[in-house]
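Worksheet for the structure shown next.
Rule-based calculations on the coordinates, nothing more; no lab input. Keep in mind that what you see is a predicted model, and the values were worked out from it rather than measured. Cβ sites come from the backbone with ideal geometry, for glycine too, and all protein chains shown count toward neighbours.
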Amino acid sequence: MRWKFIAPFAAVVAVVAAFNILFLDALLKKAVVASGEAAFGAKVDVARLKTKFSDLSARIEGLSIADKNDVWKNIAQAKSIRFAVRPYPLLSAKVNIEEMSVEGLKFGTPRKTSGALPPRVVKKIEKQDKPGVASRLMSALYEKGKTQVASLPAASSIKDARAALSKISPDMVKLDDLESPRELEKMKEGLAHKYVQNKERLENLNLSARLAPVSSAVAEASKIKISAIEEAQAAAPALENLKNAGEHAQNALVEIQALKTQIAADFGEEKDILRALEDLKNADLKKLSDKLKLPSLPSGNISEALFGRAWIGRVNTAVYYIGLVRKYMPARKKTDKTVERPRLKGRDIEFPGGPSPRPKFLVEKILIQGEFGPPESPTVFSGVATDFTSDPSLWGKPARIKLAGSGGGRSLDIQAIFDHTGEAAKDSFAVSYKGIDGKSLGLPESEYLPSFENSRAAVEVSFDFADDEINSRLGLKVGGVSYRASLAEGDDETRKILSDIWKGIDELSLAARISGRVGDLRFSVESGIDKILSERMKKIFGEKLAEAQTRLRAEVNRLTDEKRAEVMKEYNERKAAIMSECAVREKEARSQIDAIRDKTEEVRAKIKEIEDREKKRAEEEKRKAEEELKKQGGEKFEQLKRNIFK
């Protein structure tokens with residue numbers, strides 16, 4: 001009975017072993033290449049894949065993944081990858097790896113053959129891939145890079161500006177090209193109109209008629225003769241008439257003063273007229289500058305131009321690979337149901353799978369060792385990645401990467417977390433990379449820019465991608481930059497200008513940020529370099545530009561001075577004339593008010609004089625009466641005394 005079981009079992013084992021020896025490695029190699037090409041959209045090469053049935057281990061040697069954006073380079077290259085599959089989950093068609101090692105990992109290595117896939121394969125991959133958040137964000141970032149990031153100002157603009165400045169001549173200015181003379185004539189006519197208009201307003205006050213009652217009241221009061229108290233009492237109506245006339249005169253004076261203020265405001269101050277004339281000349285000068293193509297100072301956001309597109313490109317690359325991680329490690333909502341394959345007919349066999357269910361694919365730990373940089377002085381790094389799985393929600397742990405390395409004057413520190421355990425994916429990483437060759441940053445080259453040949457850079461990057469919202473920050477310092485003029489010989493002045501612009505600037509620094517969602521992305525680059533270059537550019541070109549503008553202004557002045565003098569003469573004469581008429585009327589009103597006041601005081605003085613005289617007379621009569629009464633009383637007393645003592 002045992003032989004009946006052992007023989008078939010041995011046959012099955014033999015067949016499996018033969019299949020493993022003859023076909024399994026080739027099939028697995030083909031599967032690795034196909035899945036890698038589907039994921040990265042470029043060729044994936046595997047030099048050798050060897051499995052070991054006894055411990056369910058595999059070894060991949062000579063893995064290289066091409067860069068679909070630069071098919072003559074590899075995104076990554078690994079010397080060897082080793083891992084062993086857990087046996088029990090494998091019985092349930094689940095690939096669970098407890099520990100994997102990756103050795104000889106390199107990035108950006110050159111390829112001897114193109115890494116481009118055949119068009120039919122690319123079309124098939126694109127057809128299978130549905131656009132997700134990452135792809136939409138990448139498109140938005142690409143558009144942002146095209147529309148917002150500034151272009152570099154070229155050295156040719158400096159050369160053109162210098163040539164244009166040297167050609168500017170006063171002979172190029174024609175009277176017919178100027179607006180100032182025509183506007184000055186209009187101003188002159190306007191001043192004459194203001195004079196006539198304000199004179200009419202002054203005449204409409206009808207001051208003579210309004211002051212006529214005042215003269216009449218003063219004349220009537222002058223006829224009053226006050227020599228007795230009765231006449232003083234009769235003067236009261238005359239005083240009331242003078243009071244009313246004085247109020248009319250005061251009202252007229254107030255109106256004259258108000259009109260005088262309005263007229264002064266209407267004509268304005270001389271300095272206002274001079275400013276208006278200067279504005280006219282400035283407007284003409286600007287039109288001339290535009291017409292004669294007088295150049296403006298070459299300018300541009302150098303920070304955005306230098307680092308903007310490179311930064312957006314790096315972020316786009318990061319979004320692309322995070323998109324791959326999200327594709328193969330998807331977050332799962334609580335309402336999602338686990339897809340179950342249809343049951344097959346037969347017996348159910350239970351295999352021990354541990355205390356909790358496991359994902360279909362899981363790598364619990366990856367030991368990573370590699371290098372980057374020039375082969376003669378590479379930066380060696382190592383680290384660990386954990387919990388990479390096809391079902392993060394089931395596994396319940398976020399994937400993590402931690403790498404560190406140094407060498408060749410460079411240092412690297414990378415930490416990343418891919419948390420897809422909840423309903424919304426949260427991805428973040430931080431990179432500190434110091435001692436980088438400045439040329440490797442991929443900064444644009446231009447005759448306008450300094451050389452990054454011997455420069456060194458330090459980069460600090462943080463990146464957060466929560467659900468569909470991105471928030472990325474960059475801090476960058478590049479030291480050891482220098483300007484090397486590469487212009488054609490014979491253009492020494494432009495070369496000198498560029499050298500002066502960059503002179504003494506050996507370090508560039510900036511802070512950049514990209515944040516927001518698709519459709520609402522915000523991009524900013526901040527650096528002190530723009531202010532420095534702008535100030536230097538103004539200093540270098542300012543004198544030449546000012547000299548050309550001075551020549552033009554002198555010619556504009558020459559052509560407009562005569563008309564300008566006429567306007568100022570018209571202004572001064574018209575304003576002086578109308579203000580003089582206002583002063584005459586104001587003086588007339590004041591004189592009438594003074595006459596009313598003087599006559600009123602005169603009449604009141606006479607009345608007071610009569611009243612004082614009458615009062616004095618009454619007091620004198622009273623005194624005499626008292627003395628007479630006293631005298632009579634004394635006589636009666638003496639008579640009484642004599643009668644008593646007889």
Subject >> Computed FRET value (nearest 0.05) for residue 531 with residue 186, which takes r as the C-beta separation and R₀ as 41 Å >> reply: 0.45
**OP:** State the extension gain, in nm to one decimal, for the chain segment bounded by residue 219 and residue 176, taking 0.36 nm per residue of separation less the distance between their alpha-carbons.
**Re:** 8.9 nm
Original post:
So what are the ³J(HN,Hα) numbers for the range 600-605, from phi and the Karplus equation (6.51, -1.76, 1.60; θ = phi - 60°), rounded to whole Hz, Gly and Pro as x?
Top reply: 4, 5, 5, 5, 5, 5
Original post:
Which aspartates and glutamates, on any chain, are close to residue 225 with Cα under 16 Å apart, when same-chain ones fewer than 8 places away are left out?
Top reply: 601, 602, 609, 611
Original post:
So if we plug the beta-carbon distance of residue 48 and residue 518 into 1/(1 + (r/R0)^6) with R0 = 45 Å, what FRET efficiency do we get, rounded to 0.05?
Top reply: 0.55
Original post:
Considering the zone a paramagnetic label at residue 205 would reach in this model (a point 7 Å from Cα along the Cα-to-Cβ line), which residues of the range 557-599 have amide N under 19 Å from it?
Top reply: 574-597
**OP:** Pop out the ³J(HN,Hα) list for the range 569-583 in order, Karplus 6.51 cos²θ - 1.76 cosθ + 1.60 with θ = phi - 60°, rounded to Hz; leave Gly and Pro as x.
**Re:** 5, 4, 4, 5, 5, 5, 5, 5, 5, 5, 5, 5, 5, 4, 5
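How much length is gained on full extension from residue 250 to residue 618, taking 0.36 nm per residue of separation minus their Cα-Cα distance?
Gain on stretching residue 250 to residue 618: 128.4 nm.
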Original post:
Given H placed 1.01 Å from N in the peptide plane, which residues other than close sequence neighbours of residue 109 have an amide H under 5 Å from its amide H?
Top reply: 74
Subject >> Karplus (6.51, -1.76, 1.60) ³J(HN,Hα), θ = phi - 60°, over the range 63-76, in Hz, Gly and Pro reported as x >> reply: 7, 9, 10, 6, 8, 5, 8, 8, 5, 9, 9, 9, 5, 8
